[in-house]
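Below is one structure, written out as structure tokens; comments come after it.
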Amino acid sequence: MKKIIVLVKQVPDSTEIRVDKQTGTLIRAGVPAIINPDDLAAVEAALQLKEKYGATVHVVTMGPPQATGMQRELYARGVDSCTLITDRKFAGADTVATSNTLAAALEKMEFDLIIGGRQAIDGDTAQVGPQTAERLNIPQVTYVNEIMELGNDTVTVKKSLEETEEIIEAKLPCLLTTLSGMNQPRYMNCNNIIDSFEKEIQIIPFQELGIDETKVGLKGSPTKVYKTYAKEVSGETEVFNLSAQETADMIAKTLKVKQLITK
């Protein structure tokens, strides 16, 4: 029976994100949390493989203690087990520190296939999946739009690019990152909702990872945010009474200035 691990992140609702101006990190307190959309598609893809091939689906999350609520929701959707990697030392991690932490935990687990969303909506980097695969020294395929076949030693997927698609066969174990539009995630099952509150969630703190403290959290994050600001929006307008030629000249000049700014 194949063992599938799905990397799932709990993210703040992107419509209510605030930034700490001192540290450059997201302020999560008081902000509604949701399951990252790309990761939810990864969960659904894993559950479909479970139904088709008899695999087990294990969810792994790095996040604060309250992420257990999200994991119980995933139990209600049909996953088999959940692990939460949580510790204050992990706070403020960028993609490098996050992948260091995830890889250290995954190295202690058995798996044939790892699936994660392409990117998280609170960062939009699409780096954690590939970086984790590199640290585990396993093959990876990104931008997966369909998992076509899961064999004994290989997985065949359809990778979606801007103007074309690729059919790729990768050796197991490997890591895939999926697109949110690849499927329609199922609803929670009523019976599973009730059972989810009795399911165990394995907690992994920092000391169980066997990794240097300088590799995780803010200490392990080479990415630094030097400035954050909220763009001011004003309802004020400026009216010009110009001839057709003057209007055309002004538009051309404005576009030229904008083009120089964006370069």
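A few comments on the model shown:
- Residue within the stretch 139-147 that is in contact with a Gly (Cβ under 8 Å, 6 or more places away or on another chain) and of a type in the set (Ser, Thr, Tyr) present: yes
- Residues being within 17 Å of LYS2 (Cα to Cα) and among the β-branched types (Val, Ile, Thr) - total across the stretch 107-150: 4
- Among the residues of the stretch 196-211, the ones that are out of contact with any Leu (no Cβ under 9 Å at 6 or more places or on another chain) and either farther than 13 Å from VAL96 by Cβ or of a type in the set (Phe, Trp, Tyr) (or both) come to 10 in all.
- Of all residues making up the stretch 125-141, the number that are surrounded by fewer than 14 Cβ atoms within 10 Å (Cβ to Cβ) and assigned to a helix (DSSP H, G or I): 1
- Selection of the stretch 29-63 for residues being touching a helix residue (DSSP H, G or I) at 6+ places or on another chain (Cβ under 7 Å) and among the charged types (D, E, K, R) yields only ASP38.
- Residue that is farthest from the chain's Cα centre (by Cα), among those in the stretch 138-194 that are basic (Lys, Arg) and modelled with pLDDT of 95 or more: LYS171
- Screening VAL144 on (1) part of a loop (DSSP other than H, G, I, E, B); (2) surrounded by 20 or more Cβ atoms within 10 Å (Cβ to Cβ) shows it passes everything except condition (1).
The values are calculated or read from the model by the stated rules, or taken from the named source; none is laboratory data. A quick note: this is a predicted structure, and the numbers were derived from the prediction, not measured. Here the Cβ is made from the backbone with ideal geometry for all residues, glycine too, and neighbour counts use every protein chain on show.
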